[in-house]
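The values are calculated or read from the model by the stated rules, or taken from the named source; none is laboratory data. These figures come from a predicted structure and were not determined experimentally. Cβ sites come from the backbone with ideal geometry, for glycine too, and all protein chains shown count toward neighbours.
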Amino acid sequence: MSASFSRRQFLATAAGVSAAVVVPRRVLGGPGFVAPSDRLNAALVGSGTQALRQLMGDWLPREDLQLVAVCDPNRDSDDYRDWSQHGLRDRIRRFMGNESWGSETGIRAGREAGRELIEHYYAAIREQSSYNGCKTYVDYREMLAESESVDVVIDMTPDHLHGVVNVHAMQAGKHVVAHKTLANVCNEVRRCVEVAKETGVTTHLMAWNNDPGFYQLKDWLHAGIIGKVKEVHNWTNRPVWPQGWLDNPATPMEVPDGLEWDLWLGCVPDRPYHLDYTHALFRGWYDFGAGCLGDMGNYSLWRTYRTLDPGPVVSVSATPATGCVIVGNQCQWRRSAVAFPDASTVHFEHKELDIFWYDGGMKPRLAKGLLPRGESLPREGILYVGEYGTILANFLGHNFRLLPEDRMTALVGSIPAARAEEDVVDPVDEYVGAMKEAKQSRGSFINVKDLAEATCLAAVALRTGRHLMWDADAMIFTNDDEANAYLTREYRPGWEI
């Protein structure tokens with residue numbers, strides 16, 4: 001930040017990025033002042049594009065949260081992938097009041113980018129020329145070994161590291177807030193839940209949300225407007241990143257300067273570096289990601305699991321989009337052993353509810369006459385199919401309506417109205433408040449267990465192409481020994497949990 005850029009200008013500029021950016025009580029003092037003893041010290045593990053967005057929107061503006069450490073095996077680079085070439089960069093420039101931040105050609109992130117963002121912000125609100133209270137680490141295990149002053153670990157790593165970071169942080173006595181998904185193999189999901197119970201630390205998965213629309217939809221379903229819900233169909237246009245590879249990259253790339261590839265791999269066995277494994281593209285690989293379901297199904301389907309409480313999966317089957325290669329002069333169909341497909345459908349059977357997931361542009365078949373002529377299903381959405389009615393909503397369950405329209409009109413007087421709900425809170429308030437009260441948040445690892453397992457089971461069904469019967473208590477597939485091998489991973493020494 002330039003010396004001429006005043007604190008008042010900084011706060012005015014930042015307010016344009018996030019309405020939550022105000023002069024904190026720790027600067028002003030007086031009633032509502034957050035004493036240092038009441039402030040949680042947080043360490044950020046993973047400083048990619050998603051983490052930088054969350055820093056500006058959710059964490060830095062809070063009076064009761066102090067970022068004291070950033071860990072990432074990548075020092076600083078502009079080779080990240082994102083949904084906009086300069087959207088994140090320009091937002092950070094406005095937030096920091098620094099028109100030279102970032103790259104003119106690439107997308108910048110990494111631990112030094114995170115540290116800069118944190119220290120510029122804290123210097124501005126303290127009216128100091130500089131601030132150097134944020135320590136950087138390459139290896140989160142080293143950070144945990146020196147983390148006596150850290151209260152909470154925020155896990156923003158690629159999916160394959162979620163389980164090990166979550167477990168190791170909890171075992172170190174830290175509260176843990178994790179980006180979706182909880183883990184990308186089933187045994188790590190179970191281990192996260194076990195350790196959360198054993199340690200008693202507060203845990204929270206960031207896919208949890210508690211807006212008023214959730215409660216209204218819950219009222220509709222529980223009022224029996226469509227009778228007992230038999231099926232749920234949830235679909236998305238994702239992936240919005242390349243995937244569907246039939247093989248790992250054939251030609252390795254040179255490891256970029258500043259990236260500790262060994263630490264980025266973490267628990268996954270060694271392999272040559274390639275840019276396409278990293279950043280936003282990790283989601284498309286079985287070893288590193290959890291596919292579209294792990295990315296967005298945690299948001300949408302968690303609302304369904306909370307509303308209908310179907311319990312654990314009984315069976316899972318999946319259908320991937322097909323791939324084909326030329327071998328010699330012959331066309332051969334291939335199922336990828338390494339990557340999620342470009343599109344797929346998944347069927348989760350529960351004791352009394354069937355849940356269907358669709359991605360890559362796939363959508364459910366809708367009975368004739370439910371939609372007005374000329375109207376089609378939106379590119380993302382959710383259907384609740386009951387004994388004698390259907391509810392259509394957008395992807396996260398908002399803007400819902402009964403189908404067909406005449407049924408909606410006929411039942412207007414008996415449909416539960418929207419209600420003010422005391423339990424509706426901002427998600428960050430939810431987990432910060434739970435940490436202060438030393439209790440589990442409603443978005444805890446424990447509460448997301450059934451959905452988190454289902455996400456991992458779907459990946460196994462896609463890899464095997466078979467209908468798998470699941471015994472949740474024993475944590476095994478009862479009809480497929482080969483599939484059971486995918487419930488865990490081969491751990492590199494020093495990364496076991």
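Within the stretch 381-491, considering only strands (runs of 3 or more DSSP E) that don't extend past its boundaries, which have at least 1 residues that are under 30 Å from I225 (Cβ atoms) and among the basic types (K, R)?
401-403
In this structure, is D429 of a type in the set (D, E, K, R) and loosely packed, with under 14 Cβ neighbours inside 10 Å?
For D429, the condition - of a type in the set (D, E, K, R) and loosely packed, with under 14 Cβ neighbours inside 10 Å - is met.
Among the residues in the stretch 373-385, are any at pLDDT 90 or above, more than 30 Å from G289 (Cα to Cα) and crowded, with 19+ Cβ neighbours inside 10 Å?
Yes, the stretch 373-385 contains at least one residue that is at pLDDT 90 or above, more than 30 Å from G289 (Cα to Cα) and crowded, with 19+ Cβ neighbours inside 10 Å.
Take the residues in the stretch 274-290 that are under 16 Å from V189 (Cα atoms) and under 13 Å from the mean Cα position of the chain (by Cα); name whichever of them is surrounded by the fewest Cβ atoms within 10 Å (Cβ to Cβ).
Looking at residues that are under 16 Å from V189 (Cα atoms) and under 13 Å from the mean Cα position of the chain (by Cα), I get G289.
Which residues, taken from the stretch 355-380, are assigned to a loop (DSSP other than H, G, I, E, B) and in contact with a Pro (Cβ under 7 Å, 6 or more places away or on another chain)?
G360, G369, L370, listed by residue number.
Being over 24 Å from the mean Cα position of the chain (by Cα) and not in a loop (DSSP other than H, G, I, E, B), is that true of even one residue in the stretch 335-354?
For the stretch 335-354, residues over 24 Å from the mean Cα position of the chain (by Cα) and not in a loop (DSSP other than H, G, I, E, B): absent.
Please work out which one of (1) closer than 24 Å to Y486 by Cβ; (2) not in a loop (DSSP other than H, G, I, E, B) is the condition L263 fails and give its number.
(1)
Only residues that are among the charged types (D, E, K, R) and touching a strand residue (DSSP E or B) at 6+ places or on another chain (Cβ under 7 Å): list them for the stretch 177-229, please.
Once the filter is applied, which keeps residues that are among the charged types (D, E, K, R) and touching a strand residue (DSSP E or B) at 6+ places or on another chain (Cβ under 7 Å), the stretch 177-229 yields K180, K228.
Hey, can you tell me all the residues within the stretch 294-335 that are among the charged types (D, E, K, R) and in contact with a strand residue (DSSP E or B) (Cβ under 6 Å, 6 or more places away or on another chain)?
Within the stretch 294-335, R334 is the sole residue that qualifies.
Taking the stated definitions as given, is R53 part of a helix (DSSP H, G or I), without any contact (Cβ under 8 Å) to a residue 60 or more places away in the chain and out of contact with any helix residue (DSSP H, G or I) (no Cβ under 8 Å at 6 or more places or on another chain)?
For R53, the condition - part of a helix (DSSP H, G or I), without any contact (Cβ under 8 Å) to a residue 60 or more places away in the chain and out of contact with any helix residue (DSSP H, G or I) (no Cβ under 8 Å at 6 or more places or on another chain) - is not met.
Being hydroxyl-bearing (S, T, Y), under 19 Å from G443 (Cα atoms) and out of contact with any Gly (no Cβ under 9 Å at 6 or more places or on another chain) is the filter here, so list the residues in the stretch 276-304 that pass it. I'd like the intermediate steps shown before the answer.
Initial filter on the stretch 276-304 (hydroxyl-bearing (S, T, Y)): 277-278, 286, 299-300, 304.
Filter once more, keeping what is under 19 Å from G443 (Cα atoms): 299-300, 304.
Residue satisfying the conditions is Y299 alone.
Identify, by number, the condition in (1) surrounded by fewer than 16 Cβ atoms within 10 Å (Cβ to Cβ); (2) under 26 Å from the mean Cα position of the chain (by Cα); (3) under 30 Å from T319 (Cβ atoms) that H467 doesn't meet.
(2)
Do we find that P239 is crowded, with 17+ Cβ neighbours inside 10 Å, modelled with pLDDT of 95 or more and part of a loop (DSSP other than H, G, I, E, B) in this structure?
yes
Take the conditions modelled with pLDDT under 95 and surrounded by fewer than 17 Cβ atoms within 10 Å (Cβ to Cβ) and apply them to V27. Does it pass? Full working, then the answer.
Numbers: modelled with pLDDT under 95: yes; surrounded by fewer than 17 Cβ atoms within 10 Å (Cβ to Cβ): yes.
Taking the combined requirement at face value, the residue satisfies it.
May I ask you to list the residues in the stretch 81-129 that are modelled with pLDDT of 95 or more, of a type in the set (A, V, I, L, M, F, W, C) and outside any helix (DSSP H, G or I)?
Passing the criteria: W101, I107, A109.
Among the candidates F288, F282, which residue alone is in contact with an Asp or Glu (Cβ under 7 Å, 6 or more places away or on another chain) and in a helix (DSSP H, G or I)?
Testing whether each residue is in contact with an Asp or Glu (Cβ under 7 Å, 6 or more places away or on another chain) and in a helix (DSSP H, G or I) leaves just F282.
What residue, among those in the stretch 96-141 that are over 25 Å from the mean Cα position of the chain (by Cα) and of a type in the set (D, E), is surrounded by the fewest Cβ atoms within 10 Å (Cβ to Cβ)?
Once the filter is applied, the top-ranked residue is E104.
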